[in-house]
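The values are calculated or read from the model by the stated rules, or taken from the named source; none is laboratory data. This is a predicted model, so every value here is computed, not measured. Cβ atoms come from the backbone with ideal geometry, glycine included; neighbour counts cover every protein chain shown.
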């Protein structure tokens with residue numbers, strides 16, 4: 001019998017679950033032999049309140065391994081996360097929403113109440129519609145990463161996380177050893193050519209394609225920062241590389257930081273501003289600087305702008 | 001005071017929902033609801049962002065259909081900036097979108113829905129899942145996992161990321177396709193086409209023929225339908241075309257996507273976070289009454305198969321003809337979503353091959369000149385779960401000032417509520433119910449692939 005495992009998703013998009021499926025053919029032995037999945041809403045029918053829905057307490061079975069995806073943005077997420085912590089020996093936060101807030105934590109940069117009111121008064125929404133409040137979980141004051149609410153034993157970021165690393169974490173737990181995970185930055189795993197500081201003093205928006213020879217190897221392309229594009233490789237944790245190059249770079253597109261900061265408590269915005277300044281690049285040329293925190297806005301990093309005070313004057 | 005049966009969470013679906021079935025004192029169904037539990041706020045937090053960045057933010061709305069959001073968003077930004085993508089850029093986007101449909105259908109039918117049919121709706125919950133399918137039908141399961149992985153990895157390798165893509169850009173595509181890539185993709189897609197034909201045959205024999213009585217009853221409601229068709233000949237389209245809104249009697253109107261606000265409205269109930277789009281242009285309001293619904297139409301596979309006049313590729317067209325001769329047009333049986341899903345999978349494979357065989361697909365001119373500016377753009381694609389609408393307004397810096405999104409699944413929220421109520425009312429009598437019956441209520445939801 002495999003290792004008992006419970007899976008849950010909080011404020012997630014299911015991309016992490018798809019990344020698990022993308023483990024591919026090795027997935028079959030993992031889900032049928034290595035693990036014994038006792039709870040996983042996306043894959044199986046175990047229910048919170050008993051199979052006939054007559055229970056009163058949200059219950060998840062005990063498991064050795066717990067995997068949680070998504071951030072914590074409402075009271076149901078919190079209840080589920082606390083139950084997972086209670087029932088699982090080792091709790092893994094999987095994906096950048098769970099580890100750093102991810103894209104949904106962009107909401108932390110806004111007034112939530114005002115925003116939600118706006119959502120229910122768009123051009124197509126019936127006039128007079130109100131924010132729903134019946135039989136739906138009430139929101140928390142902001143979007144939290146899992147470790148802001150409960151103790152997390154292992155963090156594996158990525159939007160989505162790399163299937164090979166998910167498999168490595170699972171196998172390492174089963175085999176009772178430490179997982180082998182990359183600890184460097186995206187830049188450290190990027191094969192593009194660096195020719196040193198150039199004439200770049202401003203970053204440009206990604207409205208033209210980067211300069212490269214179609215079909216040529218990635219290591220024949222010049223570093224995208226050196227080409228003058230904003231690329232968050234220097235301030236983003238490694239892990240996305242699959243075929244010898246970071247994922248976005250392999251599509252000839254600059255990095256936007258989806259694995260979160262290099263150090264768990266790093267600040268991608270401050271680190272990037274420093275990196276630009278030390279290379280003589282005017283940080284003010286970055287349009288919408290706050291969105292450098294688009295993947296790591298939990299932990300109090302992204303907050304609503306104070307009214308009246310202009311942004312980054 | 002009767003009691004409430006809570007099915008929470010609804011499982012083997014792709015989002016967060018619960019079902020509440022309210023019984024009266026006699027144990028019969030008084031009412032039933034599908035409550036949608038999550039709201040994140042994408043329409044608001046993309047405000048202020050440079051529009052060209054938005055296609056790689058909104059893909060996080062859905063990790064299962066990120067290509068759909070990514071590309072509807074790119075189309076909306078094209079519109080706001082007044083850019084027409086190059087022909088090759090346009091076709092590379094379509095190829096990725098249609099290919100993503102293939103993987104989505106394999107995932108939904110075989111990983112999420114099939115356990116109900118392969119193991120049976122009443123099988124114990126501990127085995128009624130993909131793991132149970134692997135044990136019960138290892139050969140089929142291995143093949144399915146292999147095919148899904150093939151499709152995912154083809155996209156991943158060509159476009160850098162299969163999940164949360166980045167290769168679509170305002171004005172076109174981030175990189176051209178080279179001949180070597182074209183050949184590899186073509187070979188892979190031909191394998192997927194063979195599989196899709198096998199899957200359709202398998203399902204006709206083992207699911208649709210076998211469960212015909214269930215199909216005729218479970219979750220059946222009568223509604224209109226919304227989909228996208230070719231502007232000229234009314235054929236099924238997934239990436240681009242005109243919108244077609246059909247009534248339950250089969251009559252329809254066609255309109256261009258940027259006119260959507262004249263045709264669609266969004267109703268809000270206090271008991272679920274998702275809005276419920278309805279046909280505002282029918283001028284009859286919104287009502288989920290099972291006997292006489294008002295304004296209710298459905299989206300997703302069955303809707304598209306119903307609204308199209310034909311399918312432009314031969315094998316899918318043959319399958320459509322067989323489907324229509326059995327079920328007519330429009331077909332209303334909810335479980336036929338699965339059948340329509342597999343017909344679309346055949347089309348998606350054939351269409352991908354067509355695009356890869358187009359002589360211009362490896363042209364290096366993949367991105368038009370782009371200048372950020374003020375404007376408004378509406379981008380529409382057919383996501384697996386329905387017509388997906390992104391509508392952006394930008395300021396003179398090309399940053400978003402206003403966004404309105406109508407996401408595929410939401411078109412079916414009202415119909416899913418109706419199907420849940422229909423199924424619960426038919427199945428639960430005099431307070432008698434069990435796990436298998438409750439799972440059948442969920443099957444009515446699963447057909448919509450929410």
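Hey, any hits in region A:217-228 for a residue that's within 12 Å of another protein chain (Cβ to nearest Cβ), crowded, with 17+ Cβ neighbours inside 10 Å and either at pLDDT below 95 or part of a loop (DSSP other than H, G, I, E, B) (or both)? Looking for residues that are within 12 Å of another protein chain (Cβ to nearest Cβ), crowded, with 17+ Cβ neighbours inside 10 Å and either at pLDDT below 95 or part of a loop (DSSP other than H, G, I, E, B) (or both), one finds at least one in region A:217-228, hence yes. Restricting attention to region B:226-239, the residues being under 15 Å from the mean Cα position of the chain (by Cα) and either in a loop (DSSP other than H, G, I, E, B) or at pLDDT below 95 (or both) number 3. Across region B:124-131, not a single residue is classified as more than 19 Å from residue B:339 (Cα to Cα), facing another protein chain (nearest Cβ under 8 Å), part of a helix (DSSP H, G or I) and out of contact with any helix residue (DSSP H, G or I) (no Cβ under 6 Å at 6 or more places or on another chain). Residue B:134: without any contact (Cβ under 8 Å) to a residue 12 or more places away in the chain and at negative phi, yes or no? Yes; evaluated as a whole, the condition is true for this residue. Would you be able to say whether some residue in region A:81-99 is within 7 Å of another protein chain (Cβ to nearest Cβ) and assigned to a loop (DSSP other than H, G, I, E, B)? Within region A:81-99 (the criterion being within 7 Å of another protein chain (Cβ to nearest Cβ) and assigned to a loop (DSSP other than H, G, I, E, B)), the answer is no, since none of the residues qualifies. Of the residues making up region B:193-216, those that are under 20 Å from residue B:300 (Cα atoms) and surrounded by fewer than 16 Cβ atoms within 10 Å (Cβ to Cβ) number 1. Tallying residues that are assigned to a loop (DSSP other than H, G, I, E, B) and at the interface with chain A (Cβ under 7 Å from one of its Cβ atoms) within region B:252-268 yields 1. Considering B:165, B:176, the condition of being in a loop (DSSP other than H, G, I, E, B), at the interface with chain A (Cβ under 7 Å from one of its Cβ atoms) and at pLDDT 95 or above is satisfied by B:176 alone.
A count restricted to region A:16-51 and to residues that are within 18 Å of residue A:80 (Cβ to Cβ) and in a strand (DSSP E or B) stands at 3.
Scanning region A:250-259 turns up no residue that is at pLDDT 95 or above and away from every other protein chain (no Cβ under 14 Å). Residue by residue through region B:272-286, note down the ones that are touching a residue at least 12 places away in the same chain (Cβ under 8 Å), over 17 Å from residue A:121 (Cα atoms) and either buried (at least 20 other Cβ atoms within 10 Å of the Cβ) or in contact with a strand residue (DSSP E or B) (Cβ under 6 Å, 6 or more places away or on another chain) (or both). B:279, B:286 - these are the residues of region B:272-286 that are touching a residue at least 12 places away in the same chain (Cβ under 8 Å), over 17 Å from residue A:121 (Cα atoms) and either buried (at least 20 other Cβ atoms within 10 Å of the Cβ) or in contact with a strand residue (DSSP E or B) (Cβ under 6 Å, 6 or more places away or on another chain) (or both).
Restricting to region B:110-123, what's the tally of residues that are surrounded by fewer than 23 Cβ atoms within 10 Å (Cβ to Cβ) and in a helix (DSSP H, G or I)? Summing the residues that are surrounded by fewer than 23 Cβ atoms within 10 Å (Cβ to Cβ) and in a helix (DSSP H, G or I) in region B:110-123 gives 4.
Is there a residue being part of a loop (DSSP other than H, G, I, E, B), buried (at least 17 other Cβ atoms within 10 Å of the Cβ) and free of Cβ contacts under 8 Å to residues at least 40 places away in the same chain anywhere in region A:147-170? Within region A:147-170 (the criterion being part of a loop (DSSP other than H, G, I, E, B), buried (at least 17 other Cβ atoms within 10 Å of the Cβ) and free of Cβ contacts under 8 Å to residues at least 40 places away in the same chain), the answer is no, since none of the residues qualifies.
Candidates are the residues of region A:12-39 that are closer than 17 Å to residue A:156 by Cβ and in contact with a strand residue (DSSP E or B) (Cβ under 6 Å, 6 or more places away or on another chain); the one that is farthest from the other protein chains (Cβ to nearest Cβ) is A:35.
In region B:14-47, of all residues being more than 8 Å from chain A (Cβ to nearest Cβ) and out of contact with any strand residue (DSSP E or B) (no Cβ under 8 Å at 6 or more places or on another chain), the one that is farthest from residue B:430 (Cα to Cα) corresponds to B:25. Go over the candidates A:71, A:109, A:118 one by one and state the one that is closer than 30 Å to residue A:131 by Cα, modelled with pLDDT of 95 or more and within 14 Å of the chain's Cα centre (by Cα). None of the other options fit; the residue is A:71.
Restricting attention to region A:62-82, the residues that are within 19 Å of residue B:18 (Cα to Cα), touching a strand residue (DSSP E or B) at 6+ places or on another chain (Cβ under 9 Å) and surrounded by fewer than 19 Cβ atoms within 10 Å (Cβ to Cβ) total 2. Output the residue which, of all residues in region B:78-89 that are out of contact with any strand residue (DSSP E or B) (no Cβ under 7 Å at 6 or more places or on another chain) and either in a helix (DSSP H, G or I) or more than 11 Å from chain A (Cβ to nearest Cβ) (or both), is surrounded by the fewest Cβ atoms within 10 Å (Cβ to Cβ). Selected residue: B:84. When A:210, A:143, A:180 are checked against the criterion of being away from chain B (no Cβ under 12 Å), touching a residue at least 12 places away in the same chain (Cβ under 8 Å) and at negative phi, a single residue qualifies: A:180. Checking every residue in region A:189-202 against the condition of being assigned to a helix (DSSP H, G or I) and buried (at least 20 other Cβ atoms within 10 Å of the Cβ) gives zero matches.
Whether a residue is surrounded by fewer than 20 Cβ atoms within 10 Å (Cβ to Cβ) and not in a strand (DSSP E or B) was assessed, and residue B:249 passes this test. Summed over region B:20-43, the residues that are farther than 19 Å from residue B:272 by Cβ and in contact (Cβ under 8 Å) with a residue 60 or more places away in the chain give a count of 4. The residues of region B:402-441 that are part of a strand (DSSP E or B) and within 12 Å of another protein chain (Cβ to nearest Cβ), listed by number, are B:402, B:403, B:404, B:405, B:406, B:432. Within region B:214-225, identify whether any single residue is touching a helix residue (DSSP H, G or I) at 6+ places or on another chain (Cβ under 7 Å), outside any loop (DSSP other than H, G, I, E, B) and touching a residue at least 60 places away in the same chain (Cβ under 8 Å), and answer yes or no. Yes, region B:214-225 contains a residue that is touching a helix residue (DSSP H, G or I) at 6+ places or on another chain (Cβ under 7 Å), outside any loop (DSSP other than H, G, I, E, B) and touching a residue at least 60 places away in the same chain (Cβ under 8 Å). For the condition closer than 26 Å to residue B:262 by Cα and surrounded by 23 or more Cβ atoms within 10 Å (Cβ to Cβ), residue B:306 qualifies. With the condition kept exactly as written, say whether any residue in region B:297-312 is assigned to a loop (DSSP other than H, G, I, E, B) and either without any contact (Cβ under 8 Å) to a residue 60 or more places away in the chain or within 14 Å of another protein chain (Cβ to nearest Cβ) (or both). Checked region B:297-312: no residue is assigned to a loop (DSSP other than H, G, I, E, B) and either without any contact (Cβ under 8 Å) to a residue 60 or more places away in the chain or within 14 Å of another protein chain (Cβ to nearest Cβ) (or both).
Just checking, which of B:382, B:371 is at pLDDT 95 or above, touching a helix residue (DSSP H, G or I) at 6+ places or on another chain (Cβ under 7 Å) and surrounded by 22 or more Cβ atoms within 10 Å (Cβ to Cβ)? It is B:382.
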